[in-house]
Amino acid sequence: MADKDKEMRAEVMKENFKNIKHKILILSGKGGVGKSTVSVNIAYSLMKRGFKTGILDIDLHGPSVAKMTGTERMRLENDETGLLKPISTPDGMKVVSISSMLEKSDSPVIWRGPLKMKAIQEFFESFNWGELDYLIIDSPPGTGDEPLTVLQIVDSLDGVIIVTTPQDVASSDVSRSISFVNALGKRIIGIVENMSFFKCTKCGETHFLFGEGGAKKLAEKYNLDVIGIIPIDKQIMVHSDAGTPFVITEKDSEGAKEYMKIAEEIIKKTGGANGAD
Ligand SMILES: Nc1ncnc2c1ncn2[C@@H]1O[C@H](COP(=O)(O)OP(=O)(O)OP(=O)(O)O)[C@@H](O)[C@H]1O
Ligand SMILES: [Mg+2]
């Protein structure tokens, strides 16, 4: 019976995911390194490149993607088959976040362990994403139930992008995330080093506030690629808070250009070049 249920669920999920060409999980060992910011800006960079893109926020405790995409107050609707439709922003980004399912954005969400996995599974089964080239999945910090569920149930996942900050790379948290993905037999697309340096607008100098070359060392150790080095930029924070993605609003900034390079790397590594046709 349990096996039959599992089979049925797998079938439903396969059907819902059928039209999503590429799925990428964003992961980090630690909180606050910028996973959600990186998820949103990578998604928008891919969209700018002409790909149909969506973002799924599976952080059940602290959903921030809705805020960063300005979709906090938008309500989910059903399609004609009863499945939920992702929220569509005016620029065409599709967004699903747990906060979209709550009455108020400041409602506390209490999930007990096993319920989490079930909730995430239901998440995956209840949405009709339609046709997408890329789905970027943002996860909470660490290697808990949420990313584990995604890595276990999304068998067509293209891979994982690890986000870190320079001072964090030496810590065991990042190594743990890498080992976690490796142990589950999934691919790591690359490492993004966020908050890498600060370029002073007054003196023009570059300051490596949290150290230098950390992600590169980590990449060498685990035979991975660094696919992006994002500076500290107040505008990144300002636009995240305002729900107006940085890569769109500050498109000529160094950070936005680096995001576009990350998008190119992703396209190259996932064979997504055909997706925008
Ligand atoms: N490169 C950057 N420059 C300046 N501010 C940044 C940068 N990246 C992220 N931030 C800011 O840092 C804060 C944390 O970012 P974010 O919420 O994306 O981290 P997170 O890893 O998703 O956190 P959590 O672990 O809580 O999910 C936010 O206020 C965000 O705007
Ligand atoms: Mg986050």
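Please list the radius of gyration and Dmax for segment 2-276, considering alpha-carbon atoms only, with Å as the unit.
Computed over the Cα atoms of segment 2-276, radius of gyration and Dmax are 18.0, 65 Å.
What is the distance in Å between the Cα centres of segment 225-271 and segment 2-20?
Using only Cα atoms, the two centres lie 34 Å from each other.
Provide Lys261, Lys186, Lys35 ordered by accessible surface of protein heavy atoms (probe 1.4 Å), highest first.
Order by accessible area, largest first: Lys261, Lys186, Lys35.
Decide, for segment 128-277, between rounded, prolate and oblate: order the square roots of the alpha carbon gyration tensor eigenvalues as a ≥ b ≥ c, take rounded if a/c falls under 1.5, and otherwise choose prolate if a/b is larger than b/c, else oblate.
Oblate.
Which whole-Hz ³J(HN,Hα) couplings does segment 73-85 yield from phi under the Karplus relation 6.51 cos²θ - 1.76 cosθ + 1.60, θ = phi - 60°, glycine and proline marked x?
8, 7, 9, 7, 10, 8, 8, 5, 8, x, 6, 7, 9
Return the subset of Lys23/Lys186; Lys199/Lys234; Lys216/Lys261; Lys52/Lys234 for which the Cα-Cα distance in this structure is over 21 Å, preserving the input order.
Cα-Cα > 21 Å for Lys52/Lys234; rest within.
Lysines near Lys118 by alpha-carbon distance under 17 Å, same-chain residues fewer than 8 away left out - which ones?
Lys4, Lys6, Lys14
Dipole size in debye (nearest 20) for segment 2-276 around its Cα centre, Lys and Arg Cβ +1, Asp and Glu Cβ -1?
So the magnitude is around 320 debye.
Can you give me the % of accessible surface on segment 226-277 that is carbon or sulfur? Probe 1.4 Å, all protein chains present, nothing else counted.
Of all accessible area on segment 226-277, carbon and sulfur atoms account for 54 percent.
Give the cross-link partners of Lys269 among the aspartates and glutamates, using a straight C-alpha distance below 12 Å as the criterion and excluding same-chain residues fewer than 8 apart.
Asp158, Asp225
Give me the one-decimal nm value for the distance between modelled label points at Met260 and Ser175, 7 Å along each residue's Cα-to-Cβ direction.
The two pseudo-label positions are separated by 3.9 nm.
Can you tell me the relative contact order of the chain? Whole percent, Cα pairs under 8 Å, sequence separation 6 or more.
26
Can you give the FRET efficiency for Thr81 and Asp241, using 1/(1 + (r/R0)^6), R0 = 30 Å, r = Cβ-Cβ distance, to the nearest 0.05?
It comes out at approximately 0.25.
Per residue of the chain, what 222 nm ellipticity follows from adding -39500 (n - 2.57) for every DSSP H run with n ≥ 4, rounded to the nearest 500?
Calculated from helices alone, the mean residue ellipticity at 222 nm is -11500 deg cm²/dmol.
The values are calculated or read from the model by the stated rules, or taken from the named source; none is laboratory data. As the structure is a prediction and not an experimental result, all values here were calculated from the model. We place every Cβ from the backbone using ideal geometry, glycine too, and count neighbours over all the protein chains shown. Accessible surface areas use protein heavy atoms only, side chains included; no ligands, DNA or RNA. Shrake-Rupley method; radii C 1.70, N 1.55, O 1.52, S 1.80 Å.
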